[in-house]
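Please treat every number below as a calculation from the coordinates, not as lab data. This one's a predicted model, so the numbers in the text were calculated from it and none came from an experiment.
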Amino acid sequence: MPYGRQFYRVHGGKDADDVYTVHSQLMSTFSPSCTCPAFAYSVLLSETQLMCKHVLAVRLAERLDKCLVQEGSDDDIAKLCDPPPPKAPPKGK
Ligand SMILES: [Zn+2]
């Protein structure tokens with residue numbers, strides 16, 4: 001594990017494209033981090049909540065051992081952060 005970077009993708013619910021990234025690496029040492037607007041508003045700005053539902057889901061999943069673990073290179077991580085191009089040619093063969 002070269003970087004020790006770990007995060008989870010959490011599907012929001014309303015929308016199939018509603019996917020947020022939760023950085024669990026920060027959980028043990030610092031406050032958790034999520035990319036959704038609710039986290040930014042409720043947690044970071046108004047401080048009315050400790051975490052958003054995505055972080056909560058990740059914590060539950062960790063407890064219940066229900067996480068899908070995917071190992072990936074930096075390339076893969078970059079792909080997770082950006083939507084893939086619509087018609088990418090298959091590679092690796
Ligand atoms: Zn969230």
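Values as computed for the structure displayed
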{"read-out": "Stretch gain in nm, segment T48-D18, where the contour uses 0.36 nm per residue and the Cα spacing is subtracted", "value": "8.5 nm"}
{"read-out": "Net lengthening on full extension, Q6/R63 (0.36 nm per residue, minus Cα-Cα)", "value": "18.9 nm"}
